[in-house]
1. Among the residues of segment 82-93, is any in contact with a helix residue (DSSP H, G or I) (Cβ under 6 Å, 6 or more places away or on another chain) and within 29 Å of D52 (Cβ to Cβ)?
2. Can you tell me which of I97, I124, I131 is out of contact with any helix residue (DSSP H, G or I) (no Cβ under 8 Å at 6 or more places or on another chain) and closer than 22 Å to I49 by Cα?
3. Quick one: which of G50, G57, G69 is modelled with pLDDT of 90 or more and at positive phi?
4. Taking strands (runs of 3 or more DSSP E) that do not extend beyond segment 51-148, which have at least 1 residues that are surrounded by 16 or more Cβ atoms within 10 Å (Cβ to Cβ), of a type in the set (S, T, Y) and in contact (Cβ under 8 Å) with a residue 24 or more places away in the chain?
Amino acid sequence: MLPNFKRSETEPPKVSPSFAPASTPPTPSSSSRPIGLARSSERNAPSVIGPDLTINGNLISKGEVQIDGEVQGDIQGTYVVIGEKARITGGIVAEEIVVRGHVMGSVRGKRVMLQSSSHVEGDIFHQALAIEQGAFFEGKSRRSDDPTGDNQKPEFPSLSGSSLG
């Protein structure tokens, strides 16, 4: 059974303020965070890579990351959102991953969501995977009990360094 991925719960603050409860005013931490996702009790604002930013190198975050720019390197985090205009060349490892943009590389997450605007060229290792109609996915999908922990194991053993005799 797939998790309940809903577009309105995973989108950044595009949601109109009328969806917020009338009794409590929206705060930056509550309005930008998807509802119903397990998080630690210590909340920080999400890290945002803006659309005008290009990063050459790896990103490591202990929290939420929203990427709207370009990253040429690997991304590791707890909750990673790849925006519609984002371009990633490298692997992504996170508990939860929502892809709306372009990813060229492997994706490893417990819960992975490819939204209709996504374009993924690479393998996906997951516990739960949801793919919306219209999403582009070229690669293989593998279910794994621990998709984020498998990233250290090579898929096929290397024979190039062995010598017999």
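The values are calculated or read from the model by the stated rules, or taken from the named source; none is laboratory data. Since we're looking at a predicted model, the values are computed, not measured. Neighbour counts run over all protein chains shown; Cβ positions are idealised from the backbone, glycine included.
1. So the first thing to find is which residues in segment 82-93 are in contact with a helix residue (DSSP H, G or I) (Cβ under 6 Å, 6 or more places away or on another chain), and the list is 93.
If we keep only those that are within 29 Å of D52 (Cβ to Cβ) too, we end up with 93.
Checked against the condition, which is being in contact with a helix residue (DSSP H, G or I) (Cβ under 6 Å, 6 or more places away or on another chain) and within 29 Å of D52 (Cβ to Cβ), segment 82-93 yields at least one hit.
2. Values: I124 fails: closer than 22 Å to I49 by Cα; I131 fails: closer than 22 Å to I49 by Cα.
Among I97, I124, I131, only I97 is out of contact with any helix residue (DSSP H, G or I) (no Cβ under 8 Å at 6 or more places or on another chain) and closer than 22 Å to I49 by Cα.
3. On the way: G50 fails: at positive phi; G69 fails: at positive phi.
Only one candidate qualifies: G57.
4. Numbers: elements: 54-56, 64-67, 70-72, 75-82, 87-89, 92-99, 102-104, 107-114, 119-121, 124-131, 136-138, 141-143.
Those strands (runs of 3 or more DSSP E) span 75-82.
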